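J.: Can you keep this structure in mind? I'll have questions shortly.
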Amino acid sequence: MKRYVSLLLVLVLLAAVIAGCAPQDNATDGGDTATEGAGDAVEGGDSDKVVKIGIFQPVTGENGGGGFQEVLGSRYANQLHPTVEINGEEYKVELVEVDNKSDKTEAVAAANNLVSNQVSIVIGSYGSGVSIAAGPTYEEAKIPAIAPSATNPQVTQGNEYYFRVCFLDPFQGEVMANYAIQGGAQKAAVITQLGDDYSSGLGNFFRNSFAELGGEIVAEEQFQTNQTDFKAILTNIKAAEPDVIFAPSSIATAPLLLQQARELGIEAQFLAGDTWENQTIITNAGEAAEGVALSTFFDEGDTSNPAAAEFVEGYKEFINGNDEYLTKNGGDGVAAVSALGYDAYMVALEAIKAANSTDGEAIKDALKGVSYAGVTGSITFDENGDAEKDMAYIKTIKDGAFVFDKTVKTD
């Protein structure tokens, strides 16, 4: 009898050992529910300390080029600063990247993906429309988001969880209207994309500022998303004989507009916003891009900021060290949106440190008091979550390259 009891005990112990060694399900693999402070789930147990930052960007679609440049800025920042200290302990910063595909519907799905992945804060997006679309998702999940270059005022309006590190379109529109007037333009045409918050918003701000400064808007034309033939609207614009044409469009659209305008014999100068600072526009438009003027957030040749000079040197090494990065970036030039992607990541780290937590609500509250000396300038936030920035760079395209013209500051 004792022999059978002993054998039974051995079998029970063996079963317990086997059960203890069996693999456990990863709690972060499934589920779509958004929970407050989801990032805190990684703090317990013996596992490595991790805080997740969501990268919410378009890497495909019509804004994929600019979105990828913004991603690169955040990746470079993460390479230099892969950890953050919380409560005296070192946490690894894990980037969770999603592609919003330059589409508002896809943007909501991508945002929900980040919520499911329990990120503590989000960086993105390139493109105001997708940022506006995803805003309610982040607000409901109580996860703060920082837009590096989304300039439309609606991104942060009424959403205390959305912040941005760039200037806004009312300022940008005024800057380009002043540039046109000071350059002697009396008549302007405006081309915008239907349904695109960035394009339509910036176009309106330029139009209003140009008129207030005494200029005349002689033509306003719109085009559809993914449209490739612009000759009909350009023919109307040619008949109006404008001195300048303001066309805040996507990177993909810009070369087509320029080439078709020149083919029709339009000689008016094209003006644009920040999205046109992309080398692929020059590559694809060729000589038709000559003379374009645009506003942007950063110039790699500006040596007045030591942090910026150090960033430019390191970032170029980073780009040149990866063939894919170099090709998709269009060379080793430093795009302004890459500098903003870097600054957004650094501001996120500052907020995490100040909050001393991975909880989204705590990080959101900490963001309001962040003051960071970034490569694109000093960054603090106003009551709307907007960066208090008052300077833009004007660049022109000359001899197949972006050339710095001047800086413009508000009063």
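J.: Return yes or no: is residue 122 crowded, with 24+ Cβ neighbours inside 10 Å, in contact with a strand residue (DSSP E or B) (Cβ under 8 Å, 6 or more places away or on another chain), of a type outside the set (S, T, N, Q) and not in a loop (DSSP other than H, G, I, E, B)? Working first, answer last.
T.: On the way: crowded, with 24+ Cβ neighbours inside 10 Å: yes; in contact with a strand residue (DSSP E or B) (Cβ under 8 Å, 6 or more places away or on another chain): yes; of a type outside the set (S, T, N, Q): yes; not in a loop (DSSP other than H, G, I, E, B): yes.
Spelling it out, residue 122 is indeed crowded, with 24+ Cβ neighbours inside 10 Å, in contact with a strand residue (DSSP E or B) (Cβ under 8 Å, 6 or more places away or on another chain), of a type outside the set (S, T, N, Q) and not in a loop (DSSP other than H, G, I, E, B).
J.: Something else now. Can you find a residue in the stretch 338-348 that is modelled with pLDDT of 95 or more and out of contact with any Gly (no Cβ under 9 Å at 6 or more places or on another chain)?
T.: The answer is yes; a qualifying residue exists.
J.: Would you please list the contacts, defined by Cβ atoms under 8 Å and residues six or more apart or on different chains, that run from a residue in the stretch 269-297 that is farther than 18 Å from residue 339 by Cα to a residue that is polar (S, T, N, Q) and assigned to a loop (DSSP other than H, G, I, E, B)?
T.: So the pair list comes out as 272/249.
J.: Also: So, in the stretch 186-222, of the ones that are of a type in the set (D, E, K, R) and assigned to a helix (DSSP H, G or I), which residue ends up nearest to residue 155 (Cα to Cα)?
T.: 197
J.: Where in the stretch 315-411 are the helices (runs of 4 or more DSSP H), entirely inside, with at least 3 residues that are of a type in the set (Gly, Ala, Ser)? Show your work before the answer.
T.: Numbers: elements: 323-329, 336-355, 360-367.
Once the helices (runs of 4 or more DSSP H) in the stretch 315-411 are filtered for at least 3 residues that are of a type in the set (Gly, Ala, Ser), what remains is 336-355, 360-367.
J.: Is it the case that some residue within the stretch 376-390 is under 30 Å from residue 289 (Cβ atoms) and surrounded by fewer than 20 Cβ atoms within 10 Å (Cβ to Cβ)?
T.: yes
J.: Which pairs do you get when a residue that is at pLDDT 95 or above, found in the stretch 97-116, comes within reach of a residue that is polar (S, T, N, Q) and part of a helix (DSSP H, G or I), reach meaning Cβ atoms under 8 angstrom, with the pair 6+ apart or on two chains?
T.: Hits for this filter: 98/113; 107/131; 108/137; 111/137; 112/137; 115/137.
J.: Name the residues in the stretch 167-185 that are hydrophobic (A, V, I, L, M, F, W, C) and assigned to a helix (DSSP H, G or I), would you?
T.: Those that are hydrophobic (A, V, I, L, M, F, W, C) and assigned to a helix (DSSP H, G or I): 171, 175, 176, 177, 180, 181.
J.: For the stretch 386-399, check the following and say yes or no: at least one residue is within 26 Å of residue 143 (Cβ to Cβ) and of a type in the set (S, T, N, Q).
T.: Residues of the stretch 386-399 that are within 26 Å of residue 143 (Cβ to Cβ), as a first pass: 386-389.
Retained after the next criterion (residues that are of a type in the set (S, T, N, Q)): none.
Checked against the condition, which is being within 26 Å of residue 143 (Cβ to Cβ) and of a type in the set (S, T, N, Q), the stretch 386-399 yields no hits at all.
J.: Would you pick out the residues in the stretch 298-314 that are in contact (Cβ under 8 Å) with a residue 40 or more places away in the chain, part of a loop (DSSP other than H, G, I, E, B) and surrounded by 18 or more Cβ atoms within 10 Å (Cβ to Cβ)?
T.: 298, 299
J.: In this structure, is residue 114 part of a strand (DSSP E or B), out of contact with any His (no Cβ under 8 Å at 6 or more places or on another chain), closer than 28 Å to residue 197 by Cβ and of a type outside the set (Asp, Glu)?
T.: It is false that residue 114 is part of a strand (DSSP E or B), out of contact with any His (no Cβ under 8 Å at 6 or more places or on another chain), closer than 28 Å to residue 197 by Cβ and of a type outside the set (Asp, Glu).
J.: Tell me the residue from 269, 224 that is surrounded by 13 or more Cβ atoms within 10 Å (Cβ to Cβ) and either under 30 Å from residue 378 (Cα atoms) or more than 22 Å from the chain's Cα centre (by Cα) (or both), please.
T.: Residue meeting the stated conditions: 269.
J.: From the list 359, 405, which residue is more than 21 Å from the chain's Cα centre (by Cα), in contact (Cβ under 8 Å) with a residue 40 or more places away in the chain and not assigned by TED's automatic domain parsing to the domain that holds residue 144? It would help to see each step written out before you state the result.
T.: Working: 359 fails: not assigned by TED's automatic domain parsing to the domain that holds residue 144.
Only one candidate qualifies: 405.
J.: I would also like to ask the following. For the stretch 43-65: of the residues being at pLDDT below 95 and buried (at least 24 other Cβ atoms within 10 Å of the Cβ), which is farthest from residue 298 (Cα to Cα)?
T.: Among those residues, the one meeting the criterion is 63.
J.: Output the residues belonging to the stretch 223-248 that are in contact (Cβ under 8 Å) with a residue 60 or more places away in the chain and part of a strand (DSSP E or B).
T.: Passing the criteria: 244, 246.
J.: Output the residue which, of all residues in the stretch 158-207 that are crowded, with 24+ Cβ neighbours inside 10 Å and acidic (Asp, Glu), is nearest to residue 239 (Cα to Cα).
T.: 196
J.: I would also like to ask the following. Could you tell me whether the stretch 268-277 includes any residue that is assigned to a loop (DSSP other than H, G, I, E, B), under 19 Å from residue 197 (Cα atoms) and of a type in the set (A, V, I, L, M)?
T.: The answer is no, given that none of the residues of the stretch 268-277 is assigned to a loop (DSSP other than H, G, I, E, B), under 19 Å from residue 197 (Cα atoms) and of a type in the set (A, V, I, L, M).
J.: Looking at the stretch 73-102 only, could you name the residues that are surrounded by fewer than 18 Cβ atoms within 10 Å (Cβ to Cβ) and not in a strand (DSSP E or B)?
T.: Correct list: 79, 80, 81, 82, 87, 88.
J.: Here's a follow-up. Are there any pairs, at least 6 apart or on different chains, whose C-beta atoms fall under 8 Å, with the first in the stretch 149-161 and touching a residue at least 40 places away in the same chain (Cβ under 8 Å) and in the same structural domain as residue 72 (by TED's automatic domain parsing) and the second assigned to a loop (DSSP other than H, G, I, E, B) and of a type in the set (Ser, Thr, Tyr), and if so, which?
T.: Once the first residue is touching a residue at least 40 places away in the same chain (Cβ under 8 Å) and in the same structural domain as residue 72 (by TED's automatic domain parsing) and sits in the stretch 149-161, its partners that are assigned to a loop (DSSP other than H, G, I, E, B) and of a type in the set (Ser, Thr, Tyr) give 149/126; 150/125; 150/126.
J.: Picking from 396, 380, which residue would you name as being at pLDDT 95 or above and under 21 Å from the mean Cα position of the chain (by Cα)?
T.: That would be 380, the only listed residue that is at pLDDT 95 or above and under 21 Å from the mean Cα position of the chain (by Cα).
The values are calculated or read from the model by the stated rules, or taken from the named source; none is laboratory data. Just so it is clear, the structure is predicted and the values come from calculations on it, not from any experiment. Neighbour counts run over all protein chains shown; Cβ positions are idealised from the backbone, glycine included.
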